[in-house]
Structure formats: structure tokens, C-alpha cells
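Engineer: To start, I am sharing the structure in question, which I have written as C-alpha cells.
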Amino acid sequence: MKIIADFEKAKSLMSRQSVRLSSDNVEQEKVVRQIVDDVRARGDAALFDYTEKFDGVRLTRLEVGKREIDRAFRKIDVSLLKALELAAERITAFHIKQKRSLLRDNAASKLGWLMRPLNKVGVITPGFMAPLPSSLLMTAIPARVAGVREIILASPPQKSGGVSPVTLVAAKIAGVDRVFSIGGAQAVAALAYGTDSVPCVDKVCGPGAIYGQLAKKIVYGAVGVDGLYGPSEVVIIADNTANPVYIAADLMAQAEHGSGAAAILITNSRRLANNMNREIDEQLKSLKRRGIIEESLEKRDMIVLVDTIDRALELANLYAPEHLCLVVKDAASYVEKVKNAGCLFIGENSVEVLVDYLAGPSHVLPTGGTARFGSPLNVMDFVKMITVVNLDRKDVGRLSRPASVIAKAEGLDAHARAAEIRLSDIGQGRQLHD
């Protein structure tokens, strides 16, 4: 990993101001738009064709039967099953707590709101490199806790012809209602517009590869989407109290996501900065995905040397990372200075990989600097708010005249009359009708 000691250079590299939609993305979006339009026009036939073309599997049916889901439990290791069940238990508990705190009706007053769950949600779970049951749990369980009536899963088939058994097991544990053996942009299009086999949903959620995310961008408006997720990223702020073995392991875990991932260490310890590459090289020797990690570390990752932890936080807030780890003395004392991050990890024991799998919060987080305005996937993504208005006669008398004034300033005479006609009735003592 390259070491950068120039603060202004680091600031420029981490500002994301130079990030623009690349020509590759433009071409990819054209391809995705064609896929979306084709699925919308041809429905199931297009889904069968694209699954054969992209996944190398010619399906005879799109929906996975309940018997196949039940059989999947006999195909996975017992220890994996127990780990998934523990993860589901903790994810559920976290989001129940979140629901109790956030999803409260307030319709008893004159002006309030109602919180109502979405009716039907589509969850996409990628499988382009390996099955990702953790992402399925992290997306479907918050939806279930929020009260979504029906959850539809779309996941691509393996070369053997079916959805991964571990994905099917995770789907049942998470309370998914129906499973379809489709992936990528075609899955998003099917969930957005519906086909003879696939029901259309109210919102499409979940992380994935670029084609699925671009499809979400295209179908937004026809359905809701949770966000557009890019390559994973971590910023670790560490001082001389940090364990270099742990820091190196966490950086490489992030780099393991591939060449698009970003793993950045910001430190005020020159000793830690200088020793980090040696520690990484040592740990790399025993890792199976060494080549992927090395490529990622070489392309996008860096070590930034700063004077103070405050300077480190300035860079982190500018970058707005998906994951931000504070591995410094008295880490909790810096929390108020964190402004932009998808998930904040406080202290050495708040290990990122535990949140990746089973700590409790969803690991579906804003990436690419979108933590400046975006939030982690949570129960709020699966509800809608209905505002409630219950005014009385005094309110009408007090508010109608200024409403009329504003309406006339906007050139909307009918609006003004709708307010003034109430004032006329009040002035003459007539009752206002419901």
C-alpha cells in the first residue's frame, strides 16, 4: 500500500470530487436499459433467455418450489445452519429495537402521521462470485420486522441449475415468501414490472453487481429502491495503541471484495504506517484469495499519515466511507466529530467482519460517498409515512386568509377561493360541512 504524508494530496484523493460516471458505466447502462425494456416487453421468455445467456443455465421454471427449499436444509453443514440462525436471531432483535424506537404512529393530535409497512418487497441477492446468504438475511429480515406482507427473493442459479442451497436455507430462515431463480438486471426488471411468473413489487432492495444496481436506477419511479450500492470500502483511523496484526487483517478482509474495493488506513503513527506493508505481506502468504487482495491493495488502497486524529477525522468525513473504524485511545470521545459514515465502529473490539455477518445491524450500507446523505438499510426502508390532518373550525378561521394570500401570489385563484369560501361561511355564522 502506498503511504501518503502530504495532507493536501490526501485530501484531494479522498474528496471524491473527481469521480464522474465513466464511459464504461455509460455503455453498461445502455445494455441494462435494453435488458429492462426486453423483460418488460417479453416477460418470462426474456428471463429464460437471459438466464441461459448470462448464467449458463436453461431453466424449465423460474420459481423455486417449497420441496427444493426444504431439501436444501439437508445439503448444508449443521454448523453453518446454526451460524445463520444465530445471525438471524441477532439481526431480528436489533431491528425490533429499531422499530420500537422509530415506527410510532402520531395521529392523535391535529397534525400527525401514520406509519404503514409496504405491501410487497423484492430482494435481490447476488451470486456472481459466491452465494451471499448474509446479504439476504440483512435485507429480508428488516423487511419482515417492519411488517412487509410479502417478500420475494430473486437470486441467480448456479451452474448446477438451481439456486444455492445456502441461499435457500437463508431465505426460509429470513421468512421469504417466494423465491425465483433469476439474477442481475433481468431480476430487477421482473420485480419492477412483473411477468406471468414473477409478481411486481412496491420496492426492490439489496446489494449486488453493477448491472443490477444500474437496473434499480432505471426502474426507480415504477418502484422504489433502497439505494445504489457500489464497491465496498473501509477507512480505519488508528494510532500507536492499535494492534498492527488486527489492522492488517481488517484491511485485507476489505480488499478481498475485489479490485473495486477500497481499504484506507489513516494514522498519526509513523511506526504503524511504516510497518503495515510488512505485516500485510506476512499475512498474505496464507490466504487463498491472495491475488485478488494484492490487486485491490495496489489499485485503490493507501495509508495516509497525519499529524492528529482530528485531521484523520477531517479526511474521513470528506470521504464519507461505508465503514469507519476508530481504533484509537479513548475512541468514544471522538464520536461527536464523526459526520459522514455508513457504520461507525468504536474501538478495537468493534470488529467490522462481525457486523458483516451477525452482530445485528444490516451490513447493507451507503457506498461511494453516499453516506453524506444516505443511511444503512433499516426498518424505515420498508415503511411509508401517511400524514394526518384533523383541523377544527378555529384552525380554518385562522389559516384560511394567509393561505389565500399565498395562493394569489402563486396565481392560483381556485386555491384562493377554496380558502376564502370557508372564511365567508365562518363570518356569516354558517356551519362548515365535513
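Engineer: Quick one: what pairs do we get from the range 172-196, first residue touching a residue at least 24 places away in the same chain (Cβ under 8 Å), second crowded, with 24+ Cβ neighbours inside 10 Å and of a type in the set (D, E, K, R), C-beta under 8 Å, 6+ apart or different chains?
Structural biologist: As it stands, the answer is 188/216, since those pairs meet every condition given.
Engineer: Return only the number of the condition from (1) over 24 Å from residue 351 (Cβ atoms); (2) of a type in the set (Val, Ile, Thr); (3) at pLDDT 95 or above that residue 210 does not satisfy.
Structural biologist: Looking at each condition in turn, residue 210 falls short on (3).
Engineer: While we're here: If I ask for residues that are within 28 Å of residue 364 (Cβ to Cβ), assigned to a loop (DSSP other than H, G, I, E, B) and either touching a His at 6+ places or on another chain (Cβ under 6 Å) or of a type in the set (S, T, N, Q) (or both), which ones from the range 375-408 would you list?
Structural biologist: Listed by number, the residues that qualify are 375, 378.
Engineer: Also, quick follow-up: Taking the condition of a type outside the set (Phe, Trp, Tyr), touching a helix residue (DSSP H, G or I) at 6+ places or on another chain (Cβ under 6 Å) and in the same structural domain as residue 316 (by TED's automatic domain parsing), does residue 347 pass?
Structural biologist: Considered against the rule, which asks whether it is of a type outside the set (Phe, Trp, Tyr), touching a helix residue (DSSP H, G or I) at 6+ places or on another chain (Cβ under 6 Å) and in the same structural domain as residue 316 (by TED's automatic domain parsing), residue 347 comes out as yes.
Engineer: Here's something else I'd like to know. Take the range 209-228 and flag every residue that is in contact (Cβ under 8 Å) with a residue 60 or more places away in the chain, part of a loop (DSSP other than H, G, I, E, B) and out of contact with any helix residue (DSSP H, G or I) (no Cβ under 6 Å at 6 or more places or on another chain).
Structural biologist: Across the range 209-228, the qualifying residues are 209, 227.
Engineer: Provide a single number: the residues in the range 187-207 that are buried (at least 24 other Cβ atoms within 10 Å of the Cβ) and assigned to a loop (DSSP other than H, G, I, E, B).
Structural biologist: Residues flagged as buried (at least 24 other Cβ atoms within 10 Å of the Cβ) and assigned to a loop (DSSP other than H, G, I, E, B) within the range 187-207 amount to 4.
Engineer: Name every residue in the range 302-327 that is in a helix (DSSP H, G or I) and touching a helix residue (DSSP H, G or I) at 6+ places or on another chain (Cβ under 6 Å), in order of residue number.
Structural biologist: Scanning the range 302-327 gives 313, 315, 318, 319.
Engineer: In the set 335, 353, 364, 389, which member is exposed (fewer than 14 other Cβ atoms within 10 Å of the Cβ) and in contact with an Asp or Glu (Cβ under 9 Å, 6 or more places away or on another chain)?
Structural biologist: 353
Engineer: Related question: Return the only residue of 130, 171, 140, 88 being part of a helix (DSSP H, G or I) and within 23 Å of residue 48 (Cα to Cα).
Structural biologist: 171
Engineer: Are any residues in the range 315-339 in contact (Cβ under 8 Å) with a residue 60 or more places away in the chain and either of a type in the set (Asp, Glu) or outside the structural domain of residue 283 (by TED's automatic domain parsing) (or both), and if so, which ones?
Structural biologist: The one that is in contact (Cβ under 8 Å) with a residue 60 or more places away in the chain and either of a type in the set (Asp, Glu) or outside the structural domain of residue 283 (by TED's automatic domain parsing) (or both): 322.
Engineer: Can you tell me which residue in the range 234-262 is modelled with the lowest pLDDT, limited to those that are aliphatic (A, V, I, L, M) and part of a loop (DSSP other than H, G, I, E, B)?
Structural biologist: 261
Engineer: Exactly one of these conditions fails for residue 132: (1) at pLDDT 95 or above; (2) touching a helix residue (DSSP H, G or I) at 6+ places or on another chain (Cβ under 9 Å). Give me its number.
Structural biologist: For residue 132, the failing item is (1).
The values are calculated or read from the model by the stated rules, or taken from the named source; none is laboratory data. A quick note: this is a predicted structure, and the numbers were derived from the prediction, not measured. Here the Cβ is made from the backbone with ideal geometry for all residues, glycine too, and neighbour counts use every protein chain on show.
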